[in-house]
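What follows is a single structure, written as structure tokens, with notes after it.
The values are calculated or read from the model by the stated rules, or taken from the named source; none is laboratory data. All values reported here derive from a predicted model rather than from experimental measurement. Please note: Cβ atoms are built from the backbone with ideal geometry, for glycine as well, and neighbour counts cover all protein chains shown.
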Amino acid sequence: MTRGNDVWGKAQGLPADYWTRPAVSRIDNYLLGRSDNYVPDRELASKLLHAAPWLPQMVRINGAHRPRTVHTLARDLSISQFIDLGCGLPPRWMGKAKGYDPGAPVYDAARLIHKAPRVVYVDNDPVVGGFARTMLDEHPTTATVDGDIREIDTLLDHPEITGLDRSRRIAVLLHDLLPWMTDAQAHRVMAALREWLPPGSAISLTHATTEWAPSAMQELVDHYAEDGILYRPRSVDEITALLSPWNLLSPGIVPTGQWRGPGAQGEAHWEHSHAYAAVISNGAQESTSPTSTN
């Protein structure tokens, strides 16, 4: 931590320990080889990496999944309104010529299909919000909200979200977000979104699972807990319960790297995401088989 950070943090009303405790968004940033992280983040990350050396690949696969999903929802369901819940520290967009590259912001991925998509970026970390306002909220149809998904009813009443056109479809991204909540909180979020979203809308979810590396996942849970961070990977049955009663879009609940991507059954271990991905819709979609695993 630098004195400049301390002064800025006080001006922003951040907790006194903000720079001295790890944050999930900054840990992911470090795992991706980026620089927006601090000593506490790196210290916890080193413990996590010792337990699960594949963590950078897991984070990378999850990041690449966001623009791929957005592009699919924009193209196949004609959705042009998106809420990115838990948007995290934004990546660097490399330009439209490269398409929806891994880590592309939601707006840029959706703009490949729609001229002016509407996007609301949401995060409960005020520093993430500051980055998002600087790097993501650059267009008349984008907005950034400082909000906590665990207070879902308050969040859905925010003017930037109520300003979306609920006579048209809306997609909500819940990527690597529910594992950081209790069961009660996760089910409450899903129920509130189902009640609020208009017909034909969709929810895209990625969720860490215990199913391929249970011992390593338990070590991650324990390391996070030592720093006061709840981490709750779930089984495919628990994830399926969160997604009901909406319809699953093809290909169902599959490893994140295989959701309509280049991955294939039985592919090399490095492709494995240690997480599931799924998209559900409350439109007239044909349901699919619930799981497809290695």
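Which of the helices (runs of 4 or more DSSP H) contained wholly in the stretch 172-257 include at least 1 residues that are in contact with a helix residue (DSSP H, G or I) (Cβ under 6 Å, 6 or more places away or on another chain), within 18 Å of Ala23 (Cα to Cα) and not hydroxyl-bearing (Ser, Thr, Tyr)? Spell out how you get there, then give the answer.
Numbers: elements: 183-196, 214-226, 236-243.
Here the list reads 214-226.
Can you confirm whether Arg60 is at pLDDT below 95 and touching a His at 6+ places or on another chain (Cβ under 6 Å)?
Numbers: at pLDDT below 95: yes; touching a His at 6+ places or on another chain (Cβ under 6 Å): no.
No; evaluated as a whole, the condition is false for this residue.
For the stretch 64-93, a residue qualifies if it is part of a helix (DSSP H, G or I), of a type in the set (Gly, Ala, Ser) and at pLDDT 90 or above, and exactly one does: Ala74. Applying the criterion of being polar (S, T, N, Q) and farther than 24 Å from Leu174 by Cα to the residues of the stretch 28-74, the residue that is surrounded by the fewest Cβ atoms within 10 Å (Cβ to Cβ) is Ser35. Scan the stretch 23-80 for residues that are under 18 Å from Thr206 (Cα atoms) and of a type in the set (Lys, Arg) and jot them down. Result: Arg60, Arg66, Arg68. Any residue at all in the stretch 205-213 that's closer than 18 Å to Gly88 by Cβ, surrounded by 15 or more Cβ atoms within 10 Å (Cβ to Cβ) and more than 16 Å from the chain's Cα centre (by Cα)? Checking the stretch 205-213: not a single residue is closer than 18 Å to Gly88 by Cβ, surrounded by 15 or more Cβ atoms within 10 Å (Cβ to Cβ) and more than 16 Å from the chain's Cα centre (by Cα).
Yes/no matrix, rows are residues, columns are (1) modelled with pLDDT under 90; (2) buried (at least 17 other Cβ atoms within 10 Å of the Cβ); (3) not small (Gly, Ala, Ser):
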| site | (1), (2), (3) |
| --- | --- |
| Ile253 | no, yes, yes |
| Trp259 | no, yes, yes |
| Pro262 | yes, no, yes |
| Gln265 | yes, no, yes |
| Trp270 | yes, no, yes |
| Ala275 | no, yes, no |
| Gly283 | yes, no, no |
| Ser287 | yes, no, no |
| Thr291 | yes, yes, yes |
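On the given criteria, is Val172 within 29 Å of Val127 (Cβ to Cβ), free of Cβ contacts under 8 Å to residues at least 24 places away in the same chain and hydrophobic (A, V, I, L, M, F, W, C)? Spelling it out, it is not the case that Val172 is within 29 Å of Val127 (Cβ to Cβ), free of Cβ contacts under 8 Å to residues at least 24 places away in the same chain and hydrophobic (A, V, I, L, M, F, W, C). Within the stretch 112-127, residues that are under 20 Å from Leu85 (Cβ atoms) have Cβ atoms under 6 Å from residues that are part of a loop (DSSP other than H, G, I, E, B) and aliphatic (A, V, I, L, M) in these pairs: Tyr121/Leu136, counting only partners at least 6 apart in sequence or on another chain.
For Asp41, the criteria (1) among the acidic types (Asp, Glu); (2) farther than 30 Å from Arg260 by Cα; (3) modelled with pLDDT under 95; (4) in a helix (DSSP H, G or I) hold in every case but one, which is (3).
If I go through the stretch 102-145 residue by residue, how many of them are modelled with pLDDT of 85 or more and of a type in the set (Asp, Glu)? Walk me through how you get there before you give the answer.
Looking only at the stretch 102-145, we keep the residues that are modelled with pLDDT of 85 or more, and these are 106-123, 141-145.
Imposing the further condition that a residue be of a type in the set (Asp, Glu) reduces the set to 108, 123.
Looking only at that region, the number is 2.
Is it the case, given these coordinates, that His223 is farther than 25 Å from Phe82 by Cα and not hydrophobic (A, V, I, L, M, F, W, C)? Yes; evaluated as a whole, the condition is true for this residue. Cβ-Cβ distances below 8 Å connect the following pairs, each with a first residue in the stretch 181-192 that is without any contact (Cβ under 8 Å) to a residue 60 or more places away in the chain, a second residue that is surrounded by 13 or more Cβ atoms within 10 Å (Cβ to Cβ) and not in a helix (DSSP H, G or I), and a separation of six or more residues or different chains: Met181/Arg232; Thr182/Arg232; Asp183/Arg232; Ala186/Arg232; Val189/Leu174; Val189/Met181; Met190/Ile203. The one condition from (1) farther than 25 Å from Leu193 by Cα; (2) at pLDDT below 95; (3) buried (at least 16 other Cβ atoms within 10 Å of the Cβ) that Gly99 does not meet is (3).
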